[in-house]
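Input: a single structure, listed below in structure tokens.
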Amino acid sequence: MAVRASDYPPPFRVNEYVAEPTDPADERIEVGVLIVGGGPAGLACAIRLGQLLADDPATAERLGEVPVALVEKGKQPGSHLLSGAVVNPIGLKRLFGDRYRIDELPSYGAVHGEAVYVLSRRGAIRIPPPPTMRNHGNYVFSVSRLGRWLAEHAEEGGTMILPETAAEKLLVSHGRVVGVRTGDKGRDRDGKEMGNFEPGADLVARVTVLAEGTQGHLTGVAIDRFGLAGAEPQVWELGVKEVWKVEKPLRDVIHTMGWPLRKASKYREFGGSFLYPMGDDMLTIGMVVGLDYRDVELSAHDLLQELKTHPKIRKLLAGGERVAWGAKTIPSGGFNSLPTQLYAPGLLLCGDGVGLVNIPRLKGVHYAIESGRLAAEAAFAALRPGATPGQSLGGYDAAVRQGFIGRDLYEVRDMRQVFGRGFIVGGALASAMTVSKGKVAVGKLAAEPDAEAPLLRSNRAAAYPAPDGTLTFDKLSSVFASGNKTRDDQPNHIRVEQRVPRDVAELWAHMCPAQVYEVGEEDGDGTVTVRLAPSNCVQCGAITAKGGRLTPPEGGSGPEYTLT
């Protein structure tokens with residue numbers, strides 16, 4: 001009988017991360033609206049609230065000294081942001097209106113041309129871009145750079161940004177979310193207080209907006225606490241990307257499919273690669289792989305290294321230098337995996353954390369921005385005199401589902417699932433659904449949690465290229481390139497069962513792009529011990545999809561992305 005990672009659940013209990021406020025009332029930090037997460041959704045929410053409050057000084061005054069606060073677990077907004085990213089500008093246009101033109105934002109310009117290739121080991125066949133991969137009118141961004149720019153404008157609008165602050169617990173009182181408890185700082189690996197210890201604090205708010213991004217810790221807690229899980233389980237992809245300085249500029253947006261992934265349905269290998277221009281002297285290259293794969297030895301990081309050895313790709317990188325690296329999961333369950341509602345008493349849920357991503361189009365940033373904008377308008381409406389908060393917050397859910405986000409996701413609602421039938425059959429079904437804008441239905445396809453995929457072996461790792469430090473790189477040097485400066489003597493923030501069958505341990509070791517997991521000694525009962533190096537973690541979230549649970553480390557830990 002095949003082994004599954006889901007057979008070995010992590011030592012994690014949701015109720016450990018839900019609490020009443022514990023600080024004395026006069027020591028709590030009170031704010032009007034509290035936003036958790038300094039990504040596109042959270043920052044768009046903050047910016048829109050600043051616009052609304054500027055036009056309504058009376059409401060701003062009622063909200064106290066801090067009408068809007070945003071907590072960000074990274075060193076600054078942008079530190080943990082990673083995406084492709086070719087961005088549909090509709091969300092930014094709606095957020096800023098006539099305040100800014102798109103060409104005034106920190107992008108690398110509009111998409112001028114595009115190409116799609118089906119790769120074999122040495123060949124590349126160019127095909128017409130499928131409708132979902134056409135990017136006319138879109139712009140290339142570094143989402144970490146965009147995040148820093150948005151943060152400046154949020155602060156100009158009056159938002160208090162609290163960086164290096166991890167939101168550890170959801171504060172719930174009488175069935176209503178009233179804020180978050182931030183994590184302690186200055187504990188050693190055994191949890192004991194060090195000389196620089198700083199306790200966490202209760203941040204209480206009239207409305208809390210969770211915009212944590214993919215695999216959001218409190219978003220997952222809230223979905224469990226309030227019973228909001230969607231009709232189908234959420235599933236994820238893992239993306240690993242690099243930024244290169246190059247001698248020759250890349251002009252076109254390029255996507256590839258096929259090699260180095262395998263087509264046979266038994267492997268469940270879904271994904272592809274992208275190369276995007278970043279001005280005249282840089283490009284970004286990335287590999288995205290569905291986490292429902294079965295092979296114990298599959299590694300998204302090593303697949304990216306393998307991809308770069310392809311003659312066509314190698315030529316684009318010739319004479320260049322890798323300057324950045326990072327990894328992040330991407331929710332891909334689509335419409336049927338969305339929470340049953342995007343709100344709870346005192347709470348709104350936004351962005352990637354709830355799965356607002358269109359995987360066939362490889363787009364989610366504009367949905368994050370739009371959901372943040374709509375959340376701001378719902379929160380503002382709930383805080384006005386005479387408002388019925390529950391009705392106002394519920395209006396956010398309707399606005400998301402009835403607007404372009406909901407319409408787009410409904411049209412591609414089954415596209416990710418059909419590829420479970422293999423590359424050829426899945427591609428044909430996806431094409432039919434694309435052409436018909438979702439009107440050709442193949443029946444509601446059940447999704448299986450990524451951790452429930454039965455595992456197999458095929459000696460896949462033997463084909464990965466050895467790192468040469470010029471074109472191909474190992475995992476540890478890549479973690480260094482991410483700017484990760486996590487303290488190695490802080491408490492472990494990763495929850496996994498540490499005695500598991502060898503297949504599960506090796507699955508985690510190969511899967512992790514940051515070399516966090518190591519297969520230890522045999523335990524004599526058919527299991528092995530899993531050793532962890534938590535300070536390597538770049539908080540990509542893959543372990544949560546594949547059998548463990550990521551929780552927030554000390555605030556300020558993790559990568560320091562600047563170009564991703």
Need the failing condition index for Ala60 against (1) within 29 Å of Leu162 (Cα to Cα); (2) more than 26 Å from the chain's Cα centre (by Cα); (3) open to solvent by 30 Å² or more (accessible area, probe 1.4 Å), just the number. (3)
Taking segment 505-521 as the search range and keeping residues that are open to solvent by 40 Å² or more (accessible area, probe 1.4 Å) and within 21 Å of the chain's Cα centre (by Cα), which one is farthest from Gly558 (Cα to Cα)? His510
Scanning segment 473-491 for residues that are of a type outside the set (A, V, I, L, M) and in contact with a strand residue (DSSP E or B) (Cβ under 6 Å, 6 or more places away or on another chain), the one surrounded by the fewest Cβ atoms within 10 Å (Cβ to Cβ) turns out to be Pro491
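Quick check on Gly555: is it in contact with a Lys or Arg (Cβ under 8 Å, 6 or more places away or on another chain) and not in a loop (DSSP other than H, G, I, E, B)?
No: the conditions fail for Gly555.
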How do the pairs read when you match residues in segment 299-327 that are in contact (Cβ under 8 Å) with a residue 24 or more places away in the chain with residues anywhere that are open to solvent by 10 Å² or more (accessible area, probe 1.4 Å) and in a strand (DSSP E or B), using Cβ under 6 Å and keeping only pairs 6 or more apart or on different chains? Lys312/Ala124; Gly320/Lys245; Glu321/Lys245; Val323/Lys245
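Only one of these is farther than 22 Å from Trp325 by Cα, modelled with pLDDT under 95 and not in a loop (DSSP other than H, G, I, E, B): Gly524, Gly520. Name it.
Gly520
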Matching residues in segment 147-197 (among the basic types (Lys, Arg) and either within 15 Å of Gly556 (Cβ to Cβ) or touching a helix residue (DSSP H, G or I) at 6+ places or on another chain (Cβ under 8 Å) (or both)) number 3
Only one of Val425, Val400, Val418 that is open to solvent by less than 10 Å² (accessible area, probe 1.4 Å), at pLDDT below 95 and part of a helix (DSSP H, G or I): Val418
May I ask you to verify whether Pro11 is free of Cβ contacts under 8 Å to residues at least 24 places away in the same chain, surrounded by fewer than 17 Cβ atoms within 10 Å (Cβ to Cβ) and farther than 30 Å from Leu303 by Cα? no
The correct count of residues that are open to solvent by 20 Å² or more (accessible area, probe 1.4 Å) and part of a loop (DSSP other than H, G, I, E, B) in segment 270-279 is 2
Scan (1) open to solvent by 10 Å² or more (accessible area, probe 1.4 Å); (2) among the hydrophobic types (A, V, I, L, M, F, W, C); (3) closer than 20 Å to Ala167 by Cα for the single condition Leu532 breaks and write down its number. (3)
If you take the residues in segment 535-564 that are aliphatic (A, V, I, L, M) and closer than 29 Å to Leu455 by Cβ, which one is surrounded by the most Cβ atoms within 10 Å (Cβ to Cβ)? Ala542
Need the failing condition index for Leu507 against (1) without any contact (Cβ under 8 Å) to a residue 60 or more places away in the chain; (2) part of a helix (DSSP H, G or I); (3) not hydroxyl-bearing (Ser, Thr, Tyr), just the number. (1)
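For (1) open to solvent by 10 Å² or more (accessible area, probe 1.4 Å); (2) over 16 Å from Glu155 (Cα atoms); (3) in contact with a Phe, Trp or Tyr (Cβ under 9 Å, 6 or more places away or on another chain), each residue gets a yes or a no:
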site	(1), (2), (3)
Gly42	no, no, no
Cys45	no, no, no
Arg48	yes, no, yes
Leu52	yes, no, yes
Asp55	yes, yes, no
Val66	yes, no, no
Filtering segment 458-472 for residues that are under 19 Å from Ala505 (Cβ atoms) and open to solvent by less than 40 Å² (accessible area, probe 1.4 Å) leaves a count of 3
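Among the residues of segment 449-457, are any in contact with a helix residue (DSSP H, G or I) (Cβ under 6 Å, 6 or more places away or on another chain) and open to solvent by 40 Å² or more (accessible area, probe 1.4 Å)?
The answer is yes, given that some residue of segment 449-457 is in contact with a helix residue (DSSP H, G or I) (Cβ under 6 Å, 6 or more places away or on another chain) and open to solvent by 40 Å² or more (accessible area, probe 1.4 Å).
One line per residue, one yes/no per condition, for (1) open to solvent by less than 40 Å² (accessible area, probe 1.4 Å); (2) touching a Pro at 6+ places or on another chain (Cβ under 7 Å); (3) modelled with pLDDT of 95 or more:
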position: Ala115; (1), (2), (3): yes, no, yes
position: Ser120; (1), (2), (3): no, no, yes
position: Gly123; (1), (2), (3): yes, no, yes
position: Gly147; (1), (2), (3): yes, yes, yes
position: Leu170; (1), (2), (3): yes, no, yes
May I ask you to list the residues in segment 172-192 that are of a type in the set (Ser, Thr, Tyr) and crowded, with 18+ Cβ neighbours inside 10 Å? Thr182
Does segment 15-37 contain any residue that is closer than 21 Å to Gly351 by Cα and of a type in the set (D, E, K, R)? no
Give the residues of segment 3-22 that are charged (D, E, K, R) and over 21 Å from Ala222 (Cβ atoms), sorted by residue number. Arg4, Asp7
Inspect all residues belonging to segment 301-317 and state whether any of them is assigned to a strand (DSSP E or B), more than 22 Å from Leu456 (Cα to Cα), at pLDDT 95 or above and among the charged types (D, E, K, R). no
Residue among Ala376, Ala381 that is modelled with pLDDT of 95 or more, in a helix (DSSP H, G or I) and open to solvent by 20 Å² or more (accessible area, probe 1.4 Å): Ala381
When the residues of segment 193-233 are filtered to those that are open to solvent by 10 Å² or more (accessible area, probe 1.4 Å) and charged (D, E, K, R), which remaining residue is nearest to Asp488 (Cα to Cα)? Glu193
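The values are calculated or read from the model by the stated rules, or taken from the named source; none is laboratory data. Because the structure is predicted, anything quoted here is derived from the model rather than measured. Virtual Cβ from ideal backbone geometry, glycine too; neighbours counted across all protein chains shown. Side chains included, ligands, DNA and RNA excluded: accessible areas come from the protein's heavy atoms. Shrake-Rupley method; radii C 1.70, N 1.55, O 1.52, S 1.80 Å.
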